[in-house]
Amino acid sequence: MTLDDLAEILRRRRALIISIIGFGLCVTAMLSLFVAPVYRAEETLAIAPPRVMAELALADRVVPLAADLPRLRDRLLAHDVLDQIATAYELEDVPDLSGAVDMRWDTAAPGAGGIVIRVDLPDPLQAQLVAQELSHRLIGLSAEERIVGAERTLAYLTGEHRALRTAISGLNVPPARQGDPALRDDLARMRTDLAELTQRIDMAGDLHDLEQRRQLERFEVVEPAQLPDTPIRDSRPLLALAGGVIGAIVAVAVALLAEWRHPALRTAARLQRLTGHAPLAVVPRAAGSDRDAPRVPVWITRIGQAFRRRWPFLI
């Protein structure tokens with residue numbers, strides 16, 4: 001089969017080819033109704049430095065926020081938290097929100113700047129709102145944990161101070177034993193520990209007060225999430241293109257199959273190529289006499305002719 005033969009076949013089977021391509025495009029158009037573009041909203045935070053002297057901010061082994069980021073991320077993106085957010089924002093179309101959200105940061109930047117909360121959702125407004133919600137939850141979670149930690153430290157030191165004072169009171173002995181060197185050493189050591197505990201309690205109280213007033217390290221929003229207007233991923237054009245290409249391939253294959261099942265010689269040029277001999281004459285097609293043939297309604301005849309022209313391989 002030459003290119004001329006192929007072109008002649010495609011020309012004769014053009015109705016069939018166009019029908020199959022159109023069917024493929026209709027199918028992909030219907031599938032596109034169930035495929036939504038994906039929009040991305042990002043909110044950027046940074047760790048603001050403490051507003052007090054560094055010695056006080058780092059006293060009593062306070063964990064820096066930059067070192068605590070992995071644990072905070074795990075708590076923020078826990079399934080129960082994401083389920084609450086999905087319920088609050090009516091995200092019925094997103095079965096698993098954990099695959100649509102992410103939190104990343106650059107630990108090499110000063111103050112771990114560039115903490116990015118990223119949300120990918122089909123609805124741009126929902127993506128923006130969820131990004132803002134996660135950002136606010138991260139700020140609140142961090143502040144709450146640091147305040148609770150300061151309270152626990154203060155309560156622990158206060159308990160140790162109380163126990164040490166009780167122990168010192170229990171060492172009050174009769175005057176006859178007050179000259180015991182070992183007893184004097186124990187009392188001196190315990191009084192030194194008591195003074196140190198008193199100083200640590202004052203420091204812990206100051207830290208607790210600073211945490212409540214947000215004077216130490218804290219998260220701050222440096223770039224609020226904007227409403228995205230351009231999707232980051234839209235598979236509908238690719239789906240339409242794939243439907244057209246696949247439909248065209250299938251249509252040509254079906255046309256060639258139909259030609260193989262019902263071959264036809266429609267031109268003198270093709271007859272000469274197949275036989276190697278030129279035809280002596282070409283008789284144009286003419287309608288025969290149908291006086292003796294039973295009469296068939298005109299509309300049935302036209303339907304039959306149209307069906308024969310469009311789907312000849314079925315006849």
(Q) At 0.36 nm per residue, and after removing the present C-alpha to C-alpha distance, how many nm does the segment from ASP106 to SER19 gain when stretched out fully? (A) 25.8 nm
Q | As computed over segment 112-237, the Cα convex hull volume per residue (Å³) | A | 138 Å³
Q | Estimated FRET transfer efficiency (ILE139, GLU90; beta-carbon r; R0 25 Å; 0.05) | A | 0.60
Q. Residues with amide H under 5 Å of TRP105's amide H, sequence separation 5 or more or different chain, H placed in the peptide plane at 1.01 Å from N; which?
A. VAL116
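Length gain on complete extension for the stretch GLN215 to TYR156, per 0.36 nm per residue less the alpha carbon to alpha carbon distance? Please report the intermediate quantities before stating the final value.
Details: separation 59, 0.36 × 59 = 21.24 nm, distance 2.25 nm.
Working it through step by step, the gained length comes to 19.0 nm.
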Q. Could you give the nm distance between label points at ALA7 and MET30, where each point is 7 Å from its Cα heading toward the beta carbon?
A. 3.7 nm
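Using a Förster radius of 41 Å, what is the FRET efficiency between THR166 and GLU223 based on their Cβ-Cβ separation? Nearest 0.05, please.
Working: r = 54 Å, r/R0 = 1.32.
The pair THR166/GLU223 has a calculated efficiency of 0.15.
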Q: Could you work out how far apart the two model spin labels at ILE246 and ASP74 are, taking each label as a point 7 Å from the Cα in the direction of the beta carbon, and quote it in nm?
A: 4.3 nm
Q) Can you give the accessible area of ASP106, probe radius 1.4 Å, in Å² rounded to 10? A) 80 Å²
Q.
Please list log₁₀ I(q)/I(0) at q = 0.13, 0.15, 0.18 Å⁻¹ for segment 71-166, using the Debye equation with identical point scatterers on the alpha-carbon positions.
A. -0.57, -0.68, -0.86
Q. Once phi is turned into ³J(HN,Hα) by the Karplus curve 6.51 cos²θ - 1.76 cosθ + 1.60 with θ = phi - 60°, what whole-Hz value does each residue of segment 149-166 show in order, with x for glycine and proline?
A. x, 5, 5, 5, 4, 5, 5, 5, 5, 5, x, 4, 5, 5, 5, 5, 5, 5
Q. ILE147 versus ASP202, label points 7 Å from Cα toward the beta carbon: distance in nm?
A. 2.6 nm
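The values are calculated or read from the model by the stated rules, or taken from the named source; none is laboratory data. Remember, it's a predicted structure, so these values are computed and weren't measured experimentally. So basically every Cβ, Gly included, is an ideal-geometry build from the backbone, and we count neighbours across all protein chains shown. Side chains included, ligands, DNA and RNA excluded: accessible areas come from the protein's heavy atoms. Shrake-Rupley method; radii C 1.70, N 1.55, O 1.52, S 1.80 Å.
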